[in-house]
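Student: Next up is a structure, given as C-alpha cells.
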Amino acid sequence: MLAGDWLLVQGSGVSAALLRELRAMDVRELVFDCSALGAWDSLLVTLLYRLQACCEEAGVALCRDGLPAGALRLLDLARTVAPRDDAVSVSAPWWRRLMRGEALLSTWRGLQDGLGFIGELVLASMRLCLGRASTRGVDFLWFVQQTGPAAIGIVTLISVLVGMILAYLGSVQLRQFGAQVYVADLVAIGMVREMGALMTAVIMAGRTGAAFAAQLGTMQTREEIDAVRTLGIDPTEFLVLPRLLALVLVMPLLALYSSVLGMCGGALVALGMDVSWTQYMNETRNVVTLTHIMTGEAKSVVFGLLIAVTGCHAGMRCGRSSEAVGKATTRAVVSAIVWLVVADATFNILYQRLGI
C-alpha cells in the first residue's frame with residue numbers, strides 16, 4: 001500500500017528501503033493500493049521506475065492497475081526515451097574496468113551498432129533502387145556541390161604540394177645517377193596509384209566527414225531527427241543517403257583532379273633540375289596507363305564510402321548536448337582516417353597479389 005505524501009522534500013530514504021525489502025522477499029506478483037496516497041511528485045515516479053526494473057530483473061509480475069494515471073503516463077514516458085549516450089557517469093579505474101570486461105563489451109556493442117547502421121543503409125539503398133525511398137534529388141545535388149566544387153581550393157593546394165614533395169624526395173637519389181628525368185615517373189605513378197586518392201580522402205575526412213557528423217549531431221541535439229521520424233520518414237533515407245551518394249560520386253573525380261595537380265607540382269620541381277617540359281610530359285605519358293588510373297579510382301570510391309559512413313554514423317548516434325556533438329565530430333575524423341589506412345593497405349596487398 002502506498003500511503004501518505006511522496007515528495008522530494010522528504011528524501012529518497014523510504015524508497016531505497018522499500019527496494020531493499022522487495023529484493024529480500026520471495027514474491028510472485030506486486031499489486032499497488034493507492035487509496036490512501038496523498039500528494040506525489042517525481043519521487044514516486046522514480047520509485048515506480050526502479051520497482052519495475054527490479055521486478056523485470058527478478059521475474060516478478062507487476063500489476064499497475066491501482067497507480068495514478070499521471071504517474072503511469074510519466075512512467076511510460078521515462079521508459080520510452082532511450083538513455084543518453086553522453087550521460088556523465090562516475091567510472092571505475094581502467095584496470096578494474098578491464099578486469100570486468102567492460103572494454104570488450106563496449107567494443108562488441110560498438111561493432112553491433114556499426115553493423116546495424118550498415119544494415120539500415122543497405123535496406124535504404126534497396127528501397128531507393130525500387131523507387132520507394134524518401135530521398136530527395138535536390139538534397140543530393142546540394143551535397144554534391146558541398147563536397148565537390150566547394151572543396152576544390154584545399155584539394156588543389158594540398159595536391160600541388162604533395163607532388164612537389166614527391167619530386168624533391170626522388171630527386172635526391174636520382175640525381176646521383178644522372179637520372180633526374182625519371183622524377184616524372186615517380187611523381188606520376190605515386191600520385192595516380194596512391195597519393196591522389198589517399199590525400200584527397202584525408203582532406204575529405206577532416207572536412208566533409210566532420211561536417212556530416214556535426215550537421216547530424218546538431219540535428220540530434222535539437223530533436224530534428226526525432227521530428228523526421230515522427231513524420232513517418234526514415235532518417236537514413238532522408239538524411240544519410242544523399243550525403244553518402246554525393247561523396248561516393250565526387251571522390252573519384254576529386255582523386256583524378258588531385259593526381260593531375262600533383263603531376264603539375266612535380267613538374268615545377270623537375271624544371272629546376274634541367275628536365276625540360278617536353279621530357280617531363282613524354283615520361284609521364286609513357287608511364288601512366290589505364291590500369292594505374294583505375295587502381296586509384298577504385299580506392300577513391302571505397303574511401304568515399306568509408307568517410308560518408310563513419311561521418312553519418314557518428315552524427316546519427318550523437319548524444320543530445322553540445323559536448324556530444326564535439327565528441328561525435330572527433331570520432332568521425334579519427335575513425336575515418338583509421339579505416340582509410342586499413343583500406344589502403346588492403347588494396348595495396350591485393351594489387352600486389354594480383355600483379356597490377
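Student: Inspect segment 284-298 for any residue being touching a helix residue (DSSP H, G or I) at 6+ places or on another chain (Cβ under 6 Å), at pLDDT below 95 and surrounded by 23 or more Cβ atoms within 10 Å (Cβ to Cβ) and give the result as yes or no.
Tutor: Checked against the condition, which is being touching a helix residue (DSSP H, G or I) at 6+ places or on another chain (Cβ under 6 Å), at pLDDT below 95 and surrounded by 23 or more Cβ atoms within 10 Å (Cβ to Cβ), segment 284-298 yields at least one hit.
Student: Going through segment 168-181 one residue at a time, which ones are assigned to a helix (DSSP H, G or I) and open to solvent by less than 60 Å² (accessible area, probe 1.4 Å)? So that I can check it myself, show each step before the final result.
Tutor: As a first pass, look at segment 168-181 and keep what is assigned to a helix (DSSP H, G or I): 168-177, 180-181.
The answer is Gly170, Ser171, Leu174, Gln180, Val181.
Student: Still on this model: What pairs come out if I take residues in segment 179-194 that are under 13 Å from Gly265 (Cα atoms) and pair them with residues that are outside any helix (DSSP H, G or I) and at pLDDT below 90 whose C-beta lies under 7 Å away, six or more apart or interchain?
Tutor: Hits for this filter: Val183/Val275.
Student: When the residues of segment 139-167 are narrowed to those that are open to solvent by 30 Å² or more (accessible area, probe 1.4 Å) and small (Gly, Ala, Ser), which ends up nearest to the chain's Cα centre (by Cα)?
Tutor: Across segment 139-167, the extreme among qualifying residues is Ala150.
Here's the yes/no breakdown for (1) open to solvent by less than 40 Å² (accessible area, probe 1.4 Å); (2) modelled with pLDDT under 95; (3) among the charged types (D, E, K, R); (4) within 30 Å of Ala328 (Cα to Cα):
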| position | (1), (2), (3), (4) |
| --- | --- |
| Leu186 | no, yes, no, no |
| Met191 | yes, yes, no, no |
| Thr218 | no, yes, no, yes |
| Thr236 | yes, yes, no, yes |
| Met263 | yes, yes, no, no |
| Gly266 | yes, yes, no, no |
| Gly272 | no, yes, no, no |
| Asn282 | no, yes, no, no |
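Student: Failed condition for Leu115, given (1) at pLDDT 85 or above; (2) touching an Asp or Glu at 6+ places or on another chain (Cβ under 8 Å), with all others met?
Tutor: Looking at each condition in turn, Leu115 falls short on (2).
Student: For the structure I just gave you, tell me whether His313 is more than 15 Å from Leu121 (Cα to Cα) and crowded, with 17+ Cβ neighbours inside 10 Å.
Tutor: No, not satisfied.
Student: Could you say which residue among Ala214, Ala255 is of a type outside the set (D, E, K, R) and buried (at least 24 other Cβ atoms within 10 Å of the Cβ)?
Tutor: That would be Ala255, the only listed residue that is of a type outside the set (D, E, K, R) and buried (at least 24 other Cβ atoms within 10 Å of the Cβ).
Student: Report yes if some residue within segment 91-111 is assigned to a helix (DSSP H, G or I), at pLDDT below 90, within 24 Å of Phe212 (Cβ to Cβ) and open to solvent by 100 Å² or more (accessible area, probe 1.4 Å); otherwise report no.
Tutor: Yes - at least one qualifying residue is present in segment 91-111.
Student: What do you reckon, is Thr329 of a type outside the set (D, E, K, R) and over 19 Å from Thr200 (Cβ atoms)?
Tutor: Criteria met by Thr329.
Student: Something else now. Report whether or not Thr278 is of a type in the set (S, T, N, Q) and either open to solvent by less than 70 Å² (accessible area, probe 1.4 Å) or within 35 Å of the chain's Cα centre (by Cα) (or both). Steps first, please.
Tutor: Details: of a type in the set (S, T, N, Q): yes; either open to solvent by less than 70 Å² (accessible area, probe 1.4 Å) or within 35 Å of the chain's Cα centre (by Cα) (or both): no.
So Thr278 does not fit the description; no.
Student: Please work out if Ala227 is part of a helix (DSSP H, G or I) and either crowded, with 21+ Cβ neighbours inside 10 Å or in contact with a Pro (Cβ under 7 Å, 6 or more places away or on another chain) (or both).
Tutor: On the way: part of a helix (DSSP H, G or I): yes; either crowded, with 21+ Cβ neighbours inside 10 Å or in contact with a Pro (Cβ under 7 Å, 6 or more places away or on another chain) (or both): no.
No: the conditions fail for Ala227.
The values are calculated or read from the model by the stated rules, or taken from the named source; none is laboratory data. Bear in mind the structure is a predicted one, so any value in this text is a computation, not a measurement. Virtual Cβ from ideal backbone geometry, glycine too; neighbours counted across all protein chains shown. For accessibility, only protein heavy atoms count, side chains too; no ligands or nucleic acids. Shrake-Rupley method; radii C 1.70, N 1.55, O 1.52, S 1.80 Å.
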